[in-house]
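Undergrad: The structure's right below; bear with me while I get my questions together.
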Amino acid sequence: MPSSSTSRSRRARNSLTVEEILDVAERVAAGGIETLTIRAVATELESSPMALYRYFSTKDELVDALLNRVLGRMEPPSDSASWIEDLGGFARNHRDMLSRHRWAVTALFAHPVPGPNTLPIGEWALRILARGGITGDAAVATFSGILGLNYGWASFVVARAGGAGESLAEDLADPGVAQAFPLTASVAGPMSRYGSAEHYELVLGQLLAGIPVGAR
């Protein structure tokens with residue numbers, strides 16, 4: 001009879017699937033993208049690192065596949081009579097996708113085009129902009145501006161969740177600091193809400209309002 005101390009046997013290499021590996025990789029990454037390694041995923045799967053290398057030859061390949069999967073979860077924008085409202089909806093859907101996968105934000109900076117699911121996102125935005133008569137460089141710049149806003153905003157949200165900004169609030173509570181930086185001190189309340197949905201709507205509204213009136 002086997003001893004209870006006998007280590008668990010590893011799974012056979014051909015018993016794994018790509019989806020199963022990505023499911024486990026996402027659970028590992030949710031604890032921090034820096035913790036994602038082939039070995040960590042293999043351990044969770046009760047497999048060996050070599051078994052995973054049959055599917056992903058490097059960690060970068062695994063990260064790309066995982067991020068491509070995340071991008072594929074973005075909800076497509078609506079197709080209403082107002083292209084400017086649809087553009088706002090596109091921006092919100094993209095932000096929401098990032099907000100649901102906070103662990104992926106920094107990784108997407110290093111892997112901006114992880115796979116084919118990147119293409120529909122750009123196509124949706126460019127199609128909406130074309131309806132407003134915005135094409136070429138203007139369309140690419142506007143699309144890039146929305147992505148820049150969302151990735152920056154998602155970074156704010158991640159930082160805020162990690163406690164960023166608390167030290168600033170403590171500093172501003174010091175009368176000497178408040179006197180030296182009176183305008184900053186006067187918005188201490190609003191600054192405590194940076195990264196909020198309300199602030200995002202303010203900035204997105206300003207961005208959309210800045211699109212030339214003739215294009216509307």
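Just so it is clear, none of the values below were taken in a lab; they were calculated from the coordinates. Because the structure is a prediction, the values reported are computed rather than measured. Neighbour counts run over all protein chains shown; Cβ positions are idealised from the backbone, glycine included.
Undergrad: So for the chain, taking the charge dipole from beta-carbon charges (+1 Lys/Arg, -1 Asp/Glu), which of SER167, GLN179, PHE90 sits furthest toward the positive end?
TA: Farthest along the dipole direction, towards plus: PHE90.
Undergrad: Okay, next question. Rounded to the nearest 500 deg cm²/dmol, what is the calculated helix-only ellipticity per residue at 222 nm for the chain, with -39500 (n - 2.57) per DSSP H run of length n ≥ 4? Write out the running numbers ahead of the final one.
TA: Values: 13 runs with 136 residues, N = 216.
Helix contribution divided over all residues of the chain: -19000 deg cm²/dmol.
Undergrad: Nearest 10 degrees is fine. How inclined is helix 197-209 to the longest principal axis of the chain, computing both from alpha carbons?
TA: With rounding to tens, the tilt is 60 degrees.
Undergrad: Over the range 81-145, one equal point on each Cα, no solvent: what is log10 I(q)/I(0) by the Debye formula at q = 0.25 Å⁻¹?
TA: With no solvent term, the Cα-only Debye profile gives -1.17.
Undergrad: Further question on the same structure: What relative contact order, as a whole-number percentage, does the range 9-116 give when Cα pairs under 8 Å and 6 or more residues apart are counted? Mind showing how you got there, number by number?
TA: Numbers: 94 pairs, mean separation 29.7, N = 108.
About 27 percent, as a whole number.
Undergrad: Kindly express, to the nearest 10 degrees and within the range 0 to 90, the angle between helix 136-161's C-alpha long axis and the longest C-alpha principal axis of the chain.
TA: 70
Undergrad: Give me the log10 of I(q) over I(0) for the range 88-216 at q = 0.15, 0.20 Å⁻¹, as the Debye formula computes it from C-alpha points; what are the numbers?
TA: The calculated log intensity ratios at q = 0.15, 0.20 Å⁻¹ are -0.82, -1.15.
Undergrad: Can you tell me the Rg and Dmax of the chain, counting just the alpha carbons, in angstroms?
TA: According to the Cα coordinates of the chain, Rg and Dmax are 22.5, 81 Å.
Undergrad: Roughly how tilted is helix 59-71, in degrees to the nearest 10 and between 0 and 90, from the longest Cα axis of the chain?
TA: 50
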